[in-house]
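Structure, as structure tokens:
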């Protein structure tokens with residue numbers, strides 16, 4: 001049952017990235033770290049200490065960083081570029097499209113401080129469009145892990161993945177609940193709980209919010225299927241189809257605009273294979289604002305009560 005999913009501790013997902021790139025570097029001598037003047041925020045200190053010759057400080061020049069990374073792949077290197085999600089995508093989209101995606105370069109674009117939970121830095125830093133932007137690029141893999149352990153595992157897995165990839169994670173401490181020794185498979189959804197009444201599809205920080213919502217729904221007597229879609233692209237369509245055929249309705253939850261994100265991906269699969277009632281949790285065609293992470297999630301409708309209400313609405317629609 002969902003109530004059996006327990007928190008191990010609370011850690012920053014960006015910390016999982018820091019540990020992950022260190023381990024990836026130990027396993028593969030071609031792994032390099034690049035940053036745009038944010039080595040501390042990106043938790044690169046341990047990597048730099050152990051591999052000082054495999055670190056490139058690009059300064060506040062994100063477009064140049066992407067170009068440098070693309071060039072390094074020609075020599076067989078595996079560059080991980082690091083900065084905030086807004087600067088990793090919105091500021092350098094042309095460079096990513098032309099220099100990385102178009103030519104299929106093996107660049108890992110690693111983006112912290114994504115979504116509303118960046119908090120007090122406000123709308124100019126809280127990008128809510130990046131999943132959509134990146135998943136639309138041909139050949140781009142898009143990964144949004146849910147906690148510290150999964151971010152670490154995803155970071156390590158990317159070193160063995162050939163081709164351009166976008167890894168999105170966050171700033172605040174967050175419940176860490178997936179296994180430390182998990183077998184992370186890119187493109188394979190993680191089924192956290194099986195149920196028959198409603199499917200909750202989520203990514204990133206909103207997976208935990210769906211765990212909380214799932215507990216409440218179970219107390220109300222509903223059987224909840226909870227699926228962590230940590231890989232937005234390539235989407236595990238088989239898992240999605242199997243689940244929605246069983247439950248007949250769904251909620252999608254993401255710390256992102258409902259236009260272009262996880263919800264759109266799930267809806268496309270459903271429309272082609274098994275149309276069902278779907279309710280969407282995400283920001284609605286808006287920018288964010290300054291505030292604490294929890295205040296913002298509550299204000300913009302991305303909190304536990306809203307997920308519960310959306311699930312009950314989807315179930316009611318299913319019943320007609």
For this session: Give me the angle, in degrees from 0 to 90, between the Cα long axis of helix 206-219 and the longest principal axis of the Cα atoms of the chain, rounded to the nearest 10.
Result: 20
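In terms of the Cα gyration tensor, with a ≥ b ≥ c the square roots of its eigenvalues, is the range 10-176 rounded because a/c is under 1.5, prolate because a/b exceeds b/c, or oblate?
Details: a/c = 1.40, a/b = 1.09, b/c = 1.29.
Judged from the Cα gyration tensor, the range 10-176 comes out rounded (a/c under 1.5).
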Exercise. Any idea what the relative contact order of the range 10-176 is, in percent, if you count C-alpha pairs under 8 Å spaced at least 6 apart?
Worked result: 31
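Apply the a/c threshold of 1.5 to the C-alpha gyration tensor of the range 263-314 and tell me whether it is rounded, prolate or oblate.
Working: a/c = 4.01, a/b = 1.90, b/c = 2.11.
In terms of gyration-tensor shape, oblate.
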Exercise. Which FRET efficiency, nearest 0.05, do residue 160 and residue 274 yield, Cβ-Cβ r, R0 25 Å?
Worked result: 0.15
Exercise. What nm distance separates the two modelled labels at residue 120 and residue 30, each placed 7 Å from Cα along Cα→Cβ?
Worked result: 4.3
Problem set entry | Net length gained if the chain between residue 56 and residue 74 were fully extended (0.36 nm per residue, minus Cα distance) | 4.8 nm
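Taking the beta-carbon count within 10 Å as an exposure proxy, list 125, 205 from fewest neighbours to most. All intermediate terms of the calculation are to be shown ahead of the outcome.
Numbers: 125 18, 205 28.
Exposure proxy ranking, most exposed first: 125, 205.
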Exercise. Taking square-rooted eigenvalues a ≥ b ≥ c of the alpha carbon gyration tensor, is the range 204-289 rounded, prolate or oblate, where a/c under 1.5 means rounded and, failing that, a/b exceeding b/c means prolate?
Worked result: oblate
For this session: Return a whole-number percent for the relative contact order of the chain, with Cα pairs under 8 Å and 6 or more residues apart as the contact set.
Result: 19
Problem set entry | Chain lengthening between residue 237 and residue 194 when straightened (0.36 nm per residue, less Cα-Cα) | 13.8 nm
Exercise. Helix 13-27 versus the longest principal axis of the chain: what is the Cα-based angle in degrees, 0 to 90, to the nearest 10?
Worked result: 50
Seminar exercise, completed: Here the averaged projected area of the range 1-95, based on the convex hull of its alpha-carbon atoms and given in nm², is 8.1
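Would you mind calculating the gained length between residue 309 and residue 37 on full extension (0.36 nm times residue separation, minus the Cα-Cα distance), in nm to one decimal? Working shown, then result.
Details: separation 272, 0.36 × 272 = 97.92 nm, distance 4.22 nm.
Result for the pair: 93.7 nm of gain on full extension.
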Exercise. Using alpha carbons only, how many degrees (0 to 90, rounded to 10) separate the axis of helix 304-319 from the longest principal axis of the chain?
Worked result: 50
For this session: Please give, to one decimal in nm, the separation of the simple spin-label points placed at residue 182 and residue 49, each 7 Å out from Cα toward the Cβ.
Result: 2.7
Seminar exercise, completed: With R₀ set to 30 angstrom, the calculated FRET efficiency between the beta-carbons of residue 9 and residue 298, to the nearest 0.05, is 0.80
Problem set entry | Residues 169, 84 arranged by fewest to most Cβ contacts within 10 Å | 84, 169
Exercise. In percent, what relative contact order does the range 141-209 have, based on Cα pairs under 8 Å that are 6 or more apart in sequence?
Worked result: 46
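Determine the calculated [θ] at 222 nm for the chain from helices alone, applying -39500 (n - 2.57) to every DSSP H run no shorter than 4 residues and normalising by the residue count; nearest 500 deg cm²/dmol.
On the way: 11 runs with 116 residues, N = 320.
For the chain, the value works out to -11000 deg cm²/dmol.
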Seminar exercise, completed: The rounded separation in angstrom of the Cα centers of the range 24-40 and the range 102-133 is 18
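Using a Förster distance of 51 Å, how high is the FRET efficiency between residue 98 and residue 319, based on the Cβ-Cβ distance and rounded to 0.05? It would help to have the intermediate numbers written out before the result.
Numbers: r = 50 Å, r/R0 = 0.98.
Rounded to the nearest 0.05, the efficiency is 0.55.
Here, each number is a calculation from the coordinates, and none is a lab measurement. Please read these numbers as outputs of a predicted model, since none were measured by experiment. Cβ: placed from backbone, ideal geometry, glycine included. Neighbour counts: every protein chain shown.
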